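**Q** Supplied in structure tokens, the structure appears directly below.
The values are calculated or read from the model by the stated rules, or taken from the named source; none is laboratory data. Quick caveat: nothing in here was measured; it's all calculated off a predicted structure. FYI the Cβ positions are ideal-geometry reconstructions off the backbone, even for glycines, and counts take in every protein chain you see.
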Amino acid sequence: MVLRSASADLDTAALRKARGAFFTPEPLARYITDWAVRSVDDRVLEPSCGEAAFLLAAVDRLAALEATSTGQALLPHLDGVELHEDSAQAARELLTAAGVEATVTVGDFFGVNPGRQYDAVIGNPPYVRYQDFSGESRARSRAAALRGGVSLTGLASSWAAFTVHAAQFLKPGGRLGLVLPAELLTVNYAAGVRTFLLQNFEQVDLVAFDERVFPGVLEEVVLVLADGYANGPTDHFQLFQARNADDLANTTTPRLWRPIPPAGKWTASLLTSETLGAYSGLLATESFTLLETWGDTTLGMVTGNNKYFALSPARAAQLGLSKSDLLRLSPPGSRHLRGLSLTTAALTELGDAGAAVCLFRPAGEPSAAAWAYIAEGEAREVDQAYKCQVRKPWWRTPLVKPADLLLTYMNADTPRLSANKAQAHHLNSVHGVYLKPEHRALGSDLLPVASLNSMTLLGAEMVGRAYGGGMLKLEPKEADLLPVPSPALTKAAETALRRLRPQLVRLLASGQVVSAARLVDEVLLIGELGLPEAEVKALRQGHEELTARRVARGGASHVHRGDGGTVSRRANSNRLRRP
Ligand SMILES: C[S@@+](CC[C@H](N)C(=O)[O-])C[C@H]1O[C@@H](n2cnc3c(N)ncnc32)[C@H](O)[C@@H]1O
């Protein structure tokens, strides 16, 4: 008996967007409500109720419960809060027409003090992006989240604070059922919300969809069904999957995932059960380990002005700089690190082609030419850059020693590890990996080869974050968690991996990372570990799907796929998951 009024016609699309007013399709509201409302005397709150999609579903649910209960009288206790007067009025009228008296208060939900009196808080909060979510309303929302113990950054959309605030209205043991954007699973600003759910509830279930479920709205959503408020924590969630809103009766058997750490991304929810099984199975063995087992990943050097400090050999010669004024440098950017190593010959070649392979960094007393260049820098006000101002002398960039491996952390396809054979210094356009002494020889030689496998490629999508334009970014802490072959597995496959090297170099030179990974899979996953073909395929598929998803969400119309081809946003936007 979910009804609709015509009041929305008076409202404009722009006004509705500004307050995040997208009304929930009936089957979703019903599914959540039927799960959350369990007894005729349950008290129910729909915050940001719009036209009461969930309260109306609750009327039906309570009536059904009454019909099966033994003589309990139905005295519905249904409350709503809504910012928009007309929607609130429409909600009241619809509820009255449905035969119930419900209280629908007009106002900002963040201004309502939680009283911990509800058995079920259900609904679909507004998804207003931080750019459009400002002023007092945002400040109030952040204060409300903070009262729930979650500190949100300025990048958070409105739903994040809404979720935390909504839970505060529950009695101990109560249930929170919300429709949330799928970004809950992955975005960094939602880390606090993910932890909050696992910390405070006894059980957290998620329902994800193969298809988009909000007609005309691009946002992908997940249903969050959090049970047993104040009876937490739990260390895992269960994931159900449905094709679309009409298929909710046929969700898949649940999969279980323990995020590590709890605030870590819940990207696992986006994988098929086959892929998740293969991925967690391999992670649990000693054959795969985290990159931090091999060594430490850290940020590169910050000059304050790369144009001034990073010089081509020709420019350095023109300035008359001496050897002692310069250091060997992996040039800014990471394009040159798409192979397996950075050799001295490659660095020379790059320098000959005009790349900035010299870092201006006089070690001791600068030469006369260096003093002249320093004076030029001051005339150009390079010394006024923040990073230069905070060090003395301004022209001496703090040194970071040459790393064993260089890791590209901003990638259209996948992060690459290159052996730093040239022993070049590096800037903060790449990360440095410093291998532990016991793994240095093997790691410098073979980790760049061994890490080119489908498990690591998938792992990068799991631990990294999607960045503007569909790029995949890895912070050092995320790189630490990258699953890579263990030293023991790498050692065992040493000869075969070494034999592959020339072929890999050729493939990588033409951007065919995925094809290169297939060769390494043959050696490591199939040859050494004896993984069934189906599991290897599931890992590859998972990588392909997460990549397509990242690209589709990134806003770039095409992104290099890693097999020499490109992925089109449009072509992939509906193929994020397979049944
Ligand atoms: C996504 S709609 C959902 C409406 C309804 N729960 C449904 O599922 O159909 C979000 C609703 O929140 C309302 N809203 C936005 N900000 C609010 C706030 N701070 N307090 C209360 N309601 C708010 C909007 O007017 C809109 O009706």
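**Q** Quick one: residue 215 ticks every box in (1) without any contact (Cβ under 8 Å) to a residue 40 or more places away in the chain; (2) within 16 Å of the ligand (Cβ to nearest atom); (3) farther than 22 Å from residue 36 by Cβ except a single one, so which number is it?
**A** Residue 215 satisfies every listed condition except (1).
**Q** Taking interchain pairs and intrachain pairs at least six residues apart, which have beta carbon atoms under 7 angstrom, with the first residue in the stretch 19-34 and closer than 17 Å to residue 215 by Cα and the second of a type in the set (D, E, K, R)?
**A** Listed pairs, sorted by first residue: 23/51; 27/246.
**Q** Right, next: In this structure, is residue 444 under 22 Å from the mean Cα position of the chain (by Cα), in contact (Cβ under 8 Å) with a residue 40 or more places away in the chain and in the same structural domain as residue 495 (by TED's automatic domain parsing)?
**A** So residue 444 does not fit the description; no.
**Q** Something else now. In a strand (DSSP E or B), out of contact with any Phe, Trp or Tyr (no Cβ under 7 Å at 6 or more places or on another chain) and within 20 Å of residue 521 (Cα to Cα) - does that describe any residue in the stretch 268-285?
**A** no
**Q** Still on this model: Give the number of residues within the stretch 151-174 that are surrounded by 23 or more Cβ atoms within 10 Å (Cβ to Cβ) and more than 16 Å from the ligand (Cβ to nearest atom).
**A** Residues meeting the conditions: 2.
**Q** How many of the residues making up the stretch 360-386 are surrounded by 12 or more Cβ atoms within 10 Å (Cβ to Cβ), under 41 Å from the mean Cα position of the chain (by Cα) and either farther than 16 Å from residue 310 by Cα or not assigned by TED's automatic domain parsing to the domain that holds residue 323 (or both)?
**A** 1
**Q** For the stretch 91-120, what are the residues that are more than 10 Å from the ligand (Cβ to nearest atom) and in a helix (DSSP H, G or I)?
**A** Across the stretch 91-120, the qualifying residues are 92, 93, 94, 95, 96, 97.
**Q** Write out, first by first residue and then by second, each pair whose Cβ atoms fall under 7 Å of each other, whose residues are 6+ apart or on separate chains, and whose first residue, in the stretch 484-513, is more than 21 Å from residue 413 (Cβ to Cβ) while the second is aromatic (Phe, Trp, Tyr) and not in a helix (DSSP H, G or I).
**A** Close Cβ pairs (under 7 Å, with a partner that is aromatic (Phe, Trp, Tyr) and not in a helix (DSSP H, G or I)) amount to 486/288.
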